[in-house]
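> Quick one: the structure is below, questions incoming.
No value in this document is a laboratory result; all are computed from the given coordinates. Note that the coordinates shown come from a computational prediction; the quantities given were computed from them, not determined experimentally. So basically every Cβ, Gly included, is an ideal-geometry build from the backbone, and we count neighbours across all protein chains shown.
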Amino acid sequence: MKPILIVEDEEAIARVLAAYLRKNGFAPERAADGHEAMRMFDSRDFSLVLLDVMLPGMDGWELLKRIREKSACPVIMLTARDGLQDRLGGLNGGADDYMTKPFVPEEVVARVNAVLRRRPHWTDGESKRIFGNLVVDLASRSVYLNAAEVNLNPRELSLLLFLSEYPNRIFTREQLIEQVWGMDYEGSDRAVDLAVKRLRQSLSHWSAEAGEIRTLRGTGYQLWIGE
């Protein structure tokens, strides 16, 4: 059952949404305000967030911004405001969909299913690659998992940076040696296997739904990103 975070201060609305989501095979959890939602979001992996705009403490726009700084988790905005600028603000801010109140619960479930069928991959301009709870920052050459920096040795870091630029593309050991180790490398191509093994260990808490480094027997490796 995929966990869904409902961020809604109106208990009646949250209760109805939770009931319909549960009926359709999801595991809904509710946060009544933005600060509680951020604490819950940081503590576990959610498949999607249903986010009300008007919240006490921290509003939905600020919460969306904070989520997008660290995750590609899909977000559907829920609001009573139906203005074009509000809809554009949500979508341009990184929301995956935008629904206005009052809404039909069955449509919310349909939108959730539609958004979850999309690839959980988000990019911030040219510098960041975000795959679920994994953030690869090409500009600063740093990697974050669940908002905590991952310490990698230079070779493993270079390998992950390279693969993150070409998600779902397959590379042979020889191609990775050429691109990451360099043309003048004279060691065994088994160095690639060892680097991949260590990367997998370092990224053991990466959400399996978001992606993984796959071995294609007899071919090579790919940074697989879920559809």
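> How long is the gain from residue 216 to residue 103 if the chain were fully straight, where each residue apart is worth 0.36 nm and the alpha carbon distance is subtracted?
Result: 36.2 nm gained on full extension.
> While we're on this one: Looking at (i) 144; (ii) 123; (iii) 110, which value of volume of the Cα convex hull per residue in Å³ comes from a calculation on the structure shown?
Comparing each candidate, only (ii) matches the computed number.
> First select every other residue whose beta carbon is under 14 angstrom from the beta carbon of residue 15; then total the charges, Lys and Arg +1, Asp and Glu -1.
For residues surrounding residue 15, the net value is -3.
> Give the long-range amide H neighbours of residue 27: residues separated by 5 or more places, or on another chain, with amide H under 5 Å away, using H modelled in the peptide plane at 1.01 Å from N.
2, 4
> I would also like to ask the following. Taking the Cα centre of the chain as the origin, how large is its charge dipole in debye, to the nearest 20, when only Lys and Arg (+1) and Asp and Glu (-1) carry charge on their Cβ atoms?
Charge dipole, the chain, about its Cα centre: 620 debye, nearest 20.
> To the nearest Å, what is the center-to-center distance of the range 1-62 and the range 125-159, using C-alpha atoms only?
27 Å
> ³J(HN,Hα) across the range 175-188 via Karplus (A = 6.51, B = -1.76, C = 1.60, θ = phi - 60°), whole Hz, x for Gly/Pro?
Ordered by residue, 3J(HN,Hα) equals 5, 5, 4, 5, 7, 9, 7, x, 4, 8, 5, 10, x, 6 Hz.
> May I ask you to compute the full-extension gain from residue 179 to residue 208, defined as 0.36 nm times their residue separation minus their alpha-carbon distance, rounded to one decimal in nm?
The span from residue 179 to residue 208 would gain 7.8 nm if fully extended.
> Right, another one. Residue separation times 0.36 nm, minus the C-alpha to C-alpha distance between residue 166 and residue 186: what's the value?
Difference between extended and current length: 4.7 nm.
> Say each of residue 80 and residue 66 gets a label point 7 Å from the Cα, pointing the same way as Cα to Cβ; how far apart are those two points in nm?
2.4 nm
> Could I ask something else about it? Quick one: work out the % antiparallel among DSSP beta bridges in the chain, nearest 5.
55 percent
> Estimate the FRET efficiency between residue 16 and residue 141 by the formula 1/(1 + (r/R0)^6), using the beta-carbon distance for r and 41 Å for R0, to the nearest 0.05.
Efficiency at R0 = 41 Å is approximately 0.30.
> Please list the non-local residues whose amide H lies under 5 Å from the amide H of residue 168, H modeled 1.01 Å from N, same-chain partners needing a gap of 5 or more.
223, 224, 225
> Still on this structure, I have one more. Give the residue from 112, 134, 207 lying farthest towards the positive end of the charge dipole for the range 98-227; charges sit on Cβ (+1 for Lys and Arg, -1 for Asp and Glu) and the dipole is referred to the Cα centre.
Projecting each Cα onto the dipole axis, the largest value belongs to 112.
> Follow-up. Excluding residues fewer than 8 places away in the same chain, name every one of the lysines whose C-alpha is closer than 18 Å to that of residue 65.
128
> Is any helix in the chain, taking whole DSSP H runs, at least 30 angstrom long along its axis by alpha carbon and on average at least 1.0 on the Kyte-Doolittle scale, and which ones?
Result, helices passing both filters: zero.
> To the nearest 500 deg cm²/dmol, what mean residue ellipticity at 222 nm is calculated for the chain from DSSP H runs of n ≥ 4 alone, each contributing -39,500 (n - 2.57), summed and divided by the residues?
Helix contribution divided over all residues of the chain: -10500 deg cm²/dmol.
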